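A.B. asks: One structure, pasted below without further comment.
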Amino acid sequence: MSASREVEARLRETAEKLLREKKVSVFLGYEKASLPFRTTPLFLTHAEEAERLAWNPFCAVNLAVYLPRLFATHVGVRDAGTAAPPAVGIALKGCDMRSVMALIQERQVRRENLVLVEVACAGIVDGRKAEKALGGREALGAGEDGQGNIRVVVDDGSEITLQREDVSSEACRECRYSASPYHDVMVGVPMEGEKADGSRRRIAEFESRPLESRWASFQQTFSKCIRCNACRQACPMCYCKTCVFDQNRPSWIGAGTESSDVALYHLVRALHLAGRCTGCGACERACPVGIDVRLLTRKLCVEVEELYGYRPGEALEGIPVLSSFAMDDPQEFVTEP
Amino acid sequence: MTEKLLSQANLERLLSRLADGGAVWVPGREETGDVAIMPWLPENPVTLDYRNFLQSPKVFFFPQNQTLLRFEDGKSKEPILPEGEVFLFGVRPCDARALTVLDRVFLGDRGDPYYAHLRQRTTVIALACTRTMASCFCSSVGGGPGDGTGADVLAVELAEDLLLKAQTDKGESLLSSGADMLREAGEAAVEESQERIRNAESQLARVRTEDSVRRLRDAFDLPLWEAAGLKCLGCGACSFLCPTCHCFDITDEVRGGVGRRTRTWDCCAYPLFTLQGSGHNPRPTARERWRQRVMHKFRYAVESFDTPFCVGCGRCIRSCPVALDIRTTLRDLGA
């Protein structure tokens, strides 16, 4: 039996109890999806349906993305704002929990309405990597074995084992600490300790390349972008009621895929996430064309950490770094016009 | 028109002949390992080892950004339409069939000259599917792994050869231009091609769509829209990868007296899509927007055009960041 099966059973018990005792009116978790390597978010409202909850290495979505909208009132919806805000239970991986902490700090969710259930996380699988690792075969079903590797039944009838390391999400490979310091309920045994921030190595490698090579890399990457908004929509920290890219009086950016528009989209998004991105990788996994959208956001977070000693998602109190100002803030990066 | 055989060893020769008459696009492997349709270069091998392209070939007919016209000092200038023939080899039957959906929209009573031009200059050589994906359901929406609708030539991969069958006059003339490389397909080859297609067909998921109009007529207030709307992130990946989605926006970009009018893809998953000047939005949440997507494809389209605006390619299912599955919605509509 895989470790995630035991965690799954504890998670179901936890959610069942929270709903039965009416501590929450909805519990956000995952359930089995129609395709292998995937799960789909579940908004559970009945304790007796807790068996639908799944926990496995395919729980890729950062469910924190739903919290601001659960508490938001929709403009134009009748009765919006009159209903009492819901009491919400939510299953969170360590990185997802950091997103919730950042959302609490930025006053986007009601802490008193939340029951934060952290689920011990051993990292998740990037479905796209797993599909590629099958070498042209099509997966019909997938699960985790006792060693944490991924067993896949493919369409020629055979069974393949994919090494977990080979199909881990990039964000998980770079993960500094898989457990969060903060939660209401812990399900499973959290991993102790802190590792080096893996994204720094990748950023250093990128920065060591000559200018032309970096520019070529950006151009090649952005040429794949189709300007859907999957990276933005999957990100818990992108909660603006009207995104700058959705404004049309005036339009700040063209809607299409011309290179200047694409570059502007990604640069502005990265800047808006400076000191706010918790590195969960939801953006990258959501991207339908497989762009490494994290390189820029991680780079800016590393900058913020070096300049201000600030890491997002580690405290509930205090002012987010880019909302604060001190006379002795470093400003060497400010250039004269 | 009878079926012809082209030895796979002769494929490059045929492509090279096509390249004398225009731009040739073929399935090739990208650095990332994905197979995409790309310009044919003699030094890059064509691969037949793929199930489908990540992105649909609709960009060749309905580009994501299109300059419709330029203007200067209050006078518009004729649009510059791209010149030259284009040959697409290896388009899958679902994506070829999707062109007949786009034709219904763009070539109706008021034909769209931009689309018409791109459609006219492009020859589509579809490649039948001999393997399917878990997200495929073409045979539930009128297509099939060996469906040649929308293509000019349908090719089927056999052990050594490609079996080719013209679907249009354009396809006929393509085949006659390569007649020296082709030979008549015997009964055995035809039977082999049919067997391969049947085999693919047997792997396909079945989805109930035939009575979708009736079932959707009474479905406007079903709770399933709420459930899907809660999950939907509103990103639009489904629509941008869809071979039949065709909604667009038109923008004028002006600087001084000079400017251009561009057409870009738009998407019903976005709030701005229906935001009115008054500030009112008739589809205020993802619930209404997701419902519109399903209603448009499986009710309004069938009512207006006698065919669902879906070809079962499954891209929306594979690309959805939260694994929303339109097949599940169609199933859960009830009796």
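This table checks each residue for (1) within 11 Å of chain B (Cβ to nearest Cβ); (2) modelled with pLDDT under 95; (3) buried (at least 21 other Cβ atoms within 10 Å of the Cβ).
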| site | (1), (2), (3) |
| --- | --- |
| A:Lys22 | no, no, no |
| A:Arg38 | yes, no, yes |
| A:Pro41 | yes, no, yes |
| A:Thr45 | yes, no, no |
| A:Glu49 | no, no, no |
| A:Val100 | no, no, yes |
| A:Val109 | no, yes, yes |
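A.B. asks: A further question on this structure: Having 3 or more residues that are within 14 Å of chain A (Cβ to nearest Cβ) and out of contact with any helix residue (DSSP H, G or I) (no Cβ under 6 Å at 6 or more places or on another chain) is the bar; report the strands (runs of 3 or more DSSP E) wholly within segment B:45-99 that clear it. Don't jump to the end; show me each part of the working.
C.D. replies: Values: elements: B:65-72, B:75-77, B:85-91.
Per the criteria, B:65-72.
A.B. asks: I've got another one for you. When you go through (1) within 30 Å of B:Asn65 (Cβ to Cβ); (2) within 14 Å of chain B (Cβ to nearest Cβ); (3) at pLDDT 95 or above one by one for A:Ser223, which number turns out not to apply?
C.D. replies: (3)
A.B. asks: May I ask you to list the residues in segment A:295-337 that are open to solvent by less than 20 Å² (accessible area, probe 1.4 Å) and over 29 Å from A:Asp126 (Cα atoms)?
C.D. replies: Listed by number, the list holds a single entry, A:Val321.
A.B. asks: Further question on the same structure: Tell me, which strands (runs of 3 or more DSSP E) lie completely within segment B:112-207 with 1 or more residues that are charged (D, E, K, R) and in contact (Cβ under 8 Å) with a residue 12 or more places away in the chain?
C.D. replies: On the way: elements: B:122-127, B:153-157, B:161-166, B:182-184.
In segment B:112-207, the matching strands (runs of 3 or more DSSP E) lie at B:153-157, B:161-166, B:182-184.
A.B. asks: If we keep just the residues of segment A:24-34 that are within 10 Å of chain B (Cβ to nearest Cβ) and touching a residue at least 60 places away in the same chain (Cβ under 8 Å), which is farthest from A:Pro86 (Cα to Cα)? Let's see the steps before the verdict.
C.D. replies: Restricting attention to segment A:24-34, the residues satisfying the condition of being within 10 Å of chain B (Cβ to nearest Cβ) are A:26, A:28, A:30-34.
Going one step further and asking which of them are touching a residue at least 60 places away in the same chain (Cβ under 8 Å), we end up with A:26, A:28, A:30.
Working: A:Val26: 7, A:Leu28: 12, A:Tyr30: 19 Å.
Per the criteria, the residue is A:Tyr30.
A.B. asks: Determine whether segment A:68-82 contains at least one residue that is of a type in the set (D, E, K, R) and away from every other protein chain (no Cβ under 14 Å). Spell out the reasoning first.
C.D. replies: Pass one, segment A:68-82, residues of a type in the set (D, E, K, R): A:69, A:78-79.
Cutting the leftovers down to away from every other protein chain (no Cβ under 14 Å) gives us none.
Within segment A:68-82 (the criterion being of a type in the set (D, E, K, R) and away from every other protein chain (no Cβ under 14 Å)), the answer is no, since none of the residues qualifies.
A.B. asks: Next question, about the same structure. When B:Asp252 is evaluated against the numbered criteria (1) more than 8 Å from chain A (Cβ to nearest Cβ); (2) surrounded by fewer than 17 Cβ atoms within 10 Å (Cβ to Cβ); (3) assigned to a helix (DSSP H, G or I), which criterion, by number, is the only one it fails?
C.D. replies: Going through (1) more than 8 Å from chain A (Cβ to nearest Cβ); (2) surrounded by fewer than 17 Cβ atoms within 10 Å (Cβ to Cβ); (3) assigned to a helix (DSSP H, G or I) one by one, B:Asp252 breaks only (3).
A.B. asks: I'd like to check which helices (runs of 4 or more DSSP H) are fully inside segment A:230-294 and have at least 3 residues that are crowded, with 18+ Cβ neighbours inside 10 Å and more than 10 Å from chain B (Cβ to nearest Cβ). I'd like the intermediate steps shown before the answer.
C.D. replies: Details: elements: A:230-233, A:259-272, A:282-286.
Here the list reads A:259-272.
A.B. asks: Please specify each residue of segment B:166-175 satisfying the condition of being over 18 Å from B:Arg17 (Cα atoms) and not hydroxyl-bearing (Ser, Thr, Tyr). Show your work before the answer.
C.D. replies: Our first condition is that a residue be over 18 Å from B:Arg17 (Cα atoms); within segment B:166-175, this holds for B:167-169.
B:Gln167, B:Asp169 - these are the residues of segment B:166-175 that are over 18 Å from B:Arg17 (Cα atoms) and not hydroxyl-bearing (Ser, Thr, Tyr).
A.B. asks: Continuing with the same structure: Please state which of the following conditions B:Ala205 fails to meet, knowing it meets all the rest: (1) modelled with pLDDT under 95; (2) out of contact with any Cys (no Cβ under 8 Å at 6 or more places or on another chain); (3) open to solvent by less than 90 Å² (accessible area, probe 1.4 Å).
C.D. replies: Here B:Ala205 meets the rest and fails (2).
A.B. asks: Restricting to segment A:51-67, name every residue that is more than 12 Å from chain B (Cβ to nearest Cβ) and either modelled with pLDDT under 95 or open to solvent by 20 Å² or more (accessible area, probe 1.4 Å) (or both).
C.D. replies: A:Glu51, A:Arg52, A:Asn56
A.B. asks: Just checking, which of B:Cys232, B:Cys242, B:Cys238 is within 16 Å of B:Arg291 (Cα to Cα) and under 22 Å from the mean Cα position of the chain (by Cα)? Give the derivation first.
C.D. replies: On the way: B:Cys232 fails: under 22 Å from the mean Cα position of the chain (by Cα); B:Cys242 fails: within 16 Å of B:Arg291 (Cα to Cα).
Just one listed residue meets the conditions, B:Cys238.
The values are calculated or read from the model by the stated rules, or taken from the named source; none is laboratory data. None of these values were measured; they are calculated from a predicted model. Neighbour counts are summed over all protein chains in view; Cβ atoms, including those assigned to glycine, are modelled from backbone coordinates with ideal geometry. Surface accessibility is based on the protein's heavy atoms, side chains included, excluding ligands, DNA and RNA. Shrake-Rupley method; radii C 1.70, N 1.55, O 1.52, S 1.80 Å.
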